[in-house]
Structures are given as C-alpha cells and as structure tokens.
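The values are calculated or read from the model by the stated rules, or taken from the named source; none is laboratory data. A quick note: this is a predicted structure, and the numbers were derived from the prediction, not measured. Reconstructed Cβ throughout: ideal geometry from the backbone, glycine too, with neighbour counts over all protein chains shown. Accessible surface areas use protein heavy atoms only, side chains included; no ligands, DNA or RNA. Shrake-Rupley method; radii C 1.70, N 1.55, O 1.52, S 1.80 Å.
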Amino acid sequence: AVDFFPFSFAFVNKQSDLYLNEQRRFSYTTPKSFLEFIKLYKGMLGLNVESLQDKQTRLTNGLEKLRETQEQVAGLEEELKEKAVVVKEKAEAADAFAEQVGKEKAIVAEKAENATVEEQKCNDIARTVSAQKASCEQDLAAAIPLVQQAEAALDVLDKKDFQELKSFAKPPGGVDQVCFSAMHLQAGIDPNIEIDKKGKAKDLSWKGATKMMAAPEKFLENLKSYKNEIDDGRIPPQNMEAARAIKEGMGEDFSEAVMKKKSGAAAGLCVWVINIIMYYD
C-alpha cells in the first residue's frame with residue numbers, strides 16, 4: 001500500500017492532464033472518490049488474500065500429502081526389502097527343489113527304464129512258465145493213466161499173493177530183481193527196508209525182499225500211496241535210478257507177461273514199477 005498509493009496518485013494526475021489536453025475538461029479527485037478507491041483496493045486486496053490463503057491451504061495440504069506419501073513410500077521400501085529377502089530365499093529354495101526334482105526325475109526315468117526291462121523279463125518268464133505249465137499239464141495228463149495202471153495192477157492183488165511170493169525159498173529167475181527194484185523205490189519210506197548212510201537199500205537179498213513184504217497189507221498200502229511221495233519230492237533220485245537200472249538191465253524180461261508165468265504178485269509188482277518210473281519221469 002505504501003508504494004501503491006503514491007503510484008496511483010501520480011498515475012491519476014497524469015491521466016487528468018491527458019484528459020484535459022484531449023477533451024479540454026478538468027477531472028477532480030474528491031474525498032468520496034478517494035474513499036471509493038480505498039474501498040475498491042480493500043476489496044481487491046481481500047480477494048487476493050483469500051486466494052493466497054486458499055493456495056496456502058492447498059499447498060499445506062499438498063505438502064502434508066507429500067510427507068505422508070514419503071513416509072508410506074519409505075515404509076513400502078522397507079517392506080519391499082524384507083519381501084525381497086524372502087523372495088530371494090524362496091527363489092533359492094525353488095532352485096534347490098528344482099535341482100532335486102531333476103535328480104529324482106533322472107532316477108525315476110532310470111528306474112522306469114529298468115522296470116521296462118524287468119517287465120520284459122517277467123513277460124518272457126511268464127511265457128516260459130505258461131509253456132512249461134502247458135507242457136506239465138500235458139505230461140500230467142499222460143502220467144495220470146500210468147498211475148491208474150499201476151494202481152489197477154495192485155488192485156487185483158491181495159495179501160495172499162504176497163504171502164505166496166515171499167514163501168519162495170528161492171524165487172524164479174527175475175522175480176527177485178523185480179522185488180529189488182521195488183526195494184530201491186521204497187527205500188527210506190518203508191521202515192522194513194534197511195538203508196545205508198546214503199539212503200540206499202542196504203540188504204539187496206531175497207531175505208531183505210521178504211522182510212519188505214513181512215506185512216502184506218501195509219506193503220500194498222505203501223505201494224498205492226507212492227504217488228504222493230513222488231508229488232511231494234521225497235524220492236531220492238539215486239533210488240529211482242537204481243530201480244531204472246534193474247528194469248533196463250532185464251530188458252524185455254521185465255514185463256507183466258514174463259513175470260505172470262512165474263508169479264502173479266511179481267507180475268503186478270512189475271507193472272507197478274514200470275508205470276511208477278514213467279510217472280516220475
């Protein structure tokens with residue numbers, strides 16, 4: 001105001017002089033016009049003050065917002081730093097896990113390859129087993145009649161036939177060999193047959209043969225249940241081979257037809273030995 005009023009008075013005087021020169025008329029500054037001028041100045045000054053206050057308020061609010069934002073940004077930066085550490089740790093853990101997964105995947109792939117190989121082997125074994133099973137079933141189907149023939153040969157015999165057989169002081173030729181083959185097969189099963197340390201029949205004599213037939217009914221029972229001994233794998237191969245050697249050594253004389261002329265019991269026992277050896281094979 002100190003600078004404005006002198007300036008305004010000088011400006012008004014200058015304009016009055018210009019007005020006088022142009023219009024040839026005087027203009028006057030009266031107390032009323034001066035008061036109106038002051039009133040106008042105060043009004044304009046008030047408006048400017050209000051505008052400045054509004055700007056000050058807006059500036060203050062803006063600065064406050066900036067300060068709050070700065071604080072929030074600082075907080076977010078700290079939080080970001082903490083989260084960055086966590087993210088780094090998780091990233092390292094993920095890398096380690098990925099590496100472990102890669103190793104385990106390689107192991108799984110190797111095991112899968114091995115499993116495929118084993119599966120192929122199992123399939124090959126299964127095919128072999130199936131073929132063997134079919135072969136065994138065929139062999140069994142062929143062997144069952146042999147057992148039935150052996151049992152049929154025994155069914156026609158009774159204890160009198162064996163009592164007659166063992167009553168021979170000296171058996172007809174070949175009958176003793178048939179009995180010896182039966183002794184080999186029954187060695188280790190019939191307690192009446194003495195065996196050596198290797199499980200073989202010890203006393204291959206007619207006396208030993210008659211001892212085997214001491215209890216005819218029990219002897220017949222042992223012959224009829226002999227199939228079970230073979231099925232359970234309780235027959236020593238050496239004893240079976242000893243009986244086979246006698247059979248093959250006698251050739252065609254080891255037959256039902258030849259033995260029947262000498263002894264019915266020996267004939268039945270001969271058929272039993274032949275079929276039992278074939279069943280074992």
| message | Considering only residues that are in a loop (DSSP other than H, G, I, E, B) and among the acidic types (D, E), which ones fall in the range 177-218? | response | D190, E194, D196, D203
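Which of the residues that make up the range 231-252 are part of a helix (DSSP H, G or I) and either among the hydroxyl-bearing types (S, T, Y) or surrounded by 15 or more Cβ atoms within 10 Å (Cβ to Cβ) (or both)? Reasoning before the result, please.
Going residue by residue through the range 231-252, those that are part of a helix (DSSP H, G or I) are 231, 237-252.
Correct list: N239, M240, A242, A243, R244, I246, K247, M250.
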| query | Considering only the range 162-218, how many residues are exposed (fewer than 15 other Cβ atoms within 10 Å of the Cβ) and under 19 Å from A267 (Cβ atoms)? | reply | 6
| message | Any residue in the range 3-25 that is over 23 Å from L35 (Cβ atoms) sitting within a Cβ distance under 8 Å of a residue that is among the polar types (S, T, N, Q) and outside any helix (DSSP H, G or I)? List the pairs, counting only those 6 or more apart or interchain. | response | L20/S27
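Run down D95, D54, D124, D17 and say which single residue is within 59 Å of the chain's Cα centre (by Cα), open to solvent by less than 100 Å² (accessible area, probe 1.4 Å) and either among the charged types (D, E, K, R) or closer than 30 Å to P6 by Cβ (or both). Give the steps one after another, and end with the answer.
Numbers: D95 fails: open to solvent by less than 100 Å² (accessible area, probe 1.4 Å); D54 fails: within 59 Å of the chain's Cα centre (by Cα); D17 fails: within 59 Å of the chain's Cα centre (by Cα).
When all the criteria are applied, what remains is D124.
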| field | Condition check for V108: open to solvent by less than 90 Å² (accessible area, probe 1.4 Å), of a type in the set (A, V, I, L, M, F, W, C) and assigned to a helix (DSSP H, G or I) | value | no
